[in-house]
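**Student:** Questions regarding the structure given below will be posed in turn.
The values are calculated or read from the model by the stated rules, or taken from the named source; none is laboratory data. Quick caveat: nothing in here was measured; it's all calculated off a predicted structure. Cβ atoms come from the backbone with ideal geometry, glycine included; neighbour counts cover every protein chain shown.
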Amino acid sequence: MATIPRIYTQADLTPGAAVAATPAQVHYLGTVLRARPSDPVHLFNGRDGEWQAQIATLYRDRLTIAVQHQLRPQQPEPDLWLVFALLKRDATDLVVQKATELGVSALHPVLTDRTNAAHTNQHRLAAIAIEAAEQSERLTVPTILPPRSLSDLFASWPASRPLYAAIERAPTAAPLHPSAEPAALLVGPEGGFSPDELEAIARHPFVTRVSLGPRILRAETACVAGLALLQAPLCG
């Protein structure tokens, strides 16, 4: 293998532990990468840091990985949420992938008046987030919540967490500035929020209307741009 693969597991990671690969991981390591016993692997689980390991046994449908020693301890990551109006499949997949790469800790898809999709495949989105976490070398995988209405989100929102709503064509909206504190970004659907939703946004004191600049961005672009702006001082 040219590079050492990173694999996410839910198993506890301790020296000498044996981790059973999932069927998808067996296919990836054994068929795609053509791995062999004793080949190195890096493991992480979101709790115990990153660990050096190696393939112990490999059969057609089974693979076990022997945990060796810790490479990196678990480290704090940005406490940043992304709330976004559910998009069509490919656009939603892209948002999940890029938000994971940018370090988001939780994704909250919402249904708005102009949402052009009604449901998600939670299993597929989780797989996309795991693959993005493995590729980007982060130590955690973000939580992905089921879609819910914007009103339900507001009703249960923790008042101590600022929610920055990206509003297009809003001359009074302040520019979005970086934040080192727990925060969240709200991005609406293609076509923007409806008048009723804009009124609801204005009624909640934890929501701040912000601008991402003079251009009208696609929803998926706005998610990436807004997340980059919010954690700019944390990027190194």
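**Student:** Considering the stretch 39-71 alone, what residues qualify as being more than 13 Å from A20 (Cβ to Cβ) and touching a Leu at 6+ places or on another chain (Cβ under 7 Å)?
**Tutor:** Across the stretch 39-71, the qualifying residues are H42, F44, N45, G46, D48, G49, E50, W51, Q52.
**Student:** Can you tell me which residue in the stretch 210-221 is nearest to P109 (Cα to Cα), limited to those that are surrounded by fewer than 17 Cβ atoms within 10 Å (Cβ to Cβ) and charged (D, E, K, R)?
**Tutor:** Checked the stretch 210-221; the qualifying residue nearest to P109 (Cα to Cα) is R218.
**Student:** Restricting the search to the stretch 162-204, which residues are surrounded by fewer than 14 Cβ atoms within 10 Å (Cβ to Cβ) and more than 20 Å from R114 (Cβ to Cβ)?
**Tutor:** The initial filter retains those residues of the stretch 162-204 that are surrounded by fewer than 14 Cβ atoms within 10 Å (Cβ to Cβ), namely 169, 171-172, 174-175, 177-178, 180-181, 195-196, 199, 202-203.
Scanning the stretch 162-204 gives P171, T172, A174, P175, H177, P178, A180, E181.
**Student:** Now for a different question. Looking at V224, V207 in this structure, which one is surrounded by 18 or more Cβ atoms within 10 Å (Cβ to Cβ), hydrophobic (A, V, I, L, M, F, W, C) and in contact with a strand residue (DSSP E or B) (Cβ under 7 Å, 6 or more places away or on another chain)? Steps first, answer last, please.
**Tutor:** Numbers: V224 fails: in contact with a strand residue (DSSP E or B) (Cβ under 7 Å, 6 or more places away or on another chain).
Sole residue among the options that is surrounded by 18 or more Cβ atoms within 10 Å (Cβ to Cβ), hydrophobic (A, V, I, L, M, F, W, C) and in contact with a strand residue (DSSP E or B) (Cβ under 7 Å, 6 or more places away or on another chain): V207.
**Student:** Same structure again: Among the residues of the stretch 58-76, which ones are at pLDDT 95 or above and within 16 Å of S38 (Cβ to Cβ)?
**Tutor:** Taking the stretch 58-76 as the starting set, the residues that turn out to be at pLDDT 95 or above are 63-74.
Correct list: L63, T64, I65, A66, V67, Q68, H69.
**Student:** Touching a Lys or Arg at 6+ places or on another chain (Cβ under 8 Å), surrounded by 17 or more Cβ atoms within 10 Å (Cβ to Cβ) and of a type in the set (D, E, K, R) - does that describe any residue in the stretch 137-144?
**Tutor:** Checked against the condition, which is being touching a Lys or Arg at 6+ places or on another chain (Cβ under 8 Å), surrounded by 17 or more Cβ atoms within 10 Å (Cβ to Cβ) and of a type in the set (D, E, K, R), the stretch 137-144 yields no hits at all.
**Student:** Suppose we keep only residues that are in a strand (DSSP E or B) and not hydrophobic (A, V, I, L, M, F, W, C) within the stretch 36-57. Which one would you say is surrounded by the fewest Cβ atoms within 10 Å (Cβ to Cβ)?
**Tutor:** For the stretch 36-57, the residue satisfying everything is T57.
**Student:** OK, next. For the stretch 146-156, which positions are within 26 Å of R124 (Cα to Cα) and either in contact with a Lys or Arg (Cβ under 8 Å, 6 or more places away or on another chain) or of a type outside the set (S, T, N, Q) (or both)?
**Tutor:** P146, P147, R148, L150, D152, L153
**Student:** Could you say whether any residue in the stretch 14-35 is surrounded by 13 or more Cβ atoms within 10 Å (Cβ to Cβ), out of contact with any Asp or Glu (no Cβ under 9 Å at 6 or more places or on another chain) and of a type in the set (S, T, N, Q)?
**Tutor:** Within the stretch 14-35, one or more residues are surrounded by 13 or more Cβ atoms within 10 Å (Cβ to Cβ), out of contact with any Asp or Glu (no Cβ under 9 Å at 6 or more places or on another chain) and of a type in the set (S, T, N, Q).
**Student:** Check whether at least one residue in the stretch 79-89 is loosely packed, with under 15 Cβ neighbours inside 10 Å and not aromatic (F, W, Y), and report yes or no.
**Tutor:** Yes: one or more hits.
**Student:** Still on this model: Out of the residues in the stretch 62-107 that are in a strand (DSSP E or B) and touching a residue at least 60 places away in the same chain (Cβ under 8 Å), state the one that is farthest from I4 (Cα to Cα). Give the steps one after another, and end with the answer.
**Tutor:** First, the residues of the stretch 62-107 that are in a strand (DSSP E or B): 63-72, 80-85, 106-107.
Next cut, touching a residue at least 60 places away in the same chain (Cβ under 8 Å) only: 72, 80-85.
On the way: R72: 15, L80: 29, W81: 30, L82: 30, V83: 34, F84: 34, A85: 36 Å.
Going through the qualifying residues, I end up with A85.
**Student:** Do any strands (runs of 3 or more DSSP E) entirely within the stretch 135-236 hold 2 or more residues that are modelled with pLDDT of 95 or more, and if so, which?
**Tutor:** By residue number, 163-166, 183-187.
**Student:** Moving to a separate point now. Residue check: is A132 in the same structural domain as A184 (by TED's automatic domain parsing), closer than 21 Å to L87 by Cβ and outside any helix (DSSP H, G or I)?
**Tutor:** no
**Student:** In contact with a strand residue (DSSP E or B) (Cβ under 6 Å, 6 or more places away or on another chain) and polar (S, T, N, Q) - does that describe any residue in the stretch 77-97?
**Tutor:** No, that holds for no residue.
**Student:** Those residues that are more than 22 Å from the chain's Cα centre (by Cα), touching a residue at least 24 places away in the same chain (Cβ under 8 Å) and assigned to a helix (DSSP H, G or I), I need them from the stretch 9-35; list them, please.
**Tutor:** Answer for the stretch 9-35, where residues must be more than 22 Å from the chain's Cα centre (by Cα), touching a residue at least 24 places away in the same chain (Cβ under 8 Å) and assigned to a helix (DSSP H, G or I): P23, V26, L29, G30.
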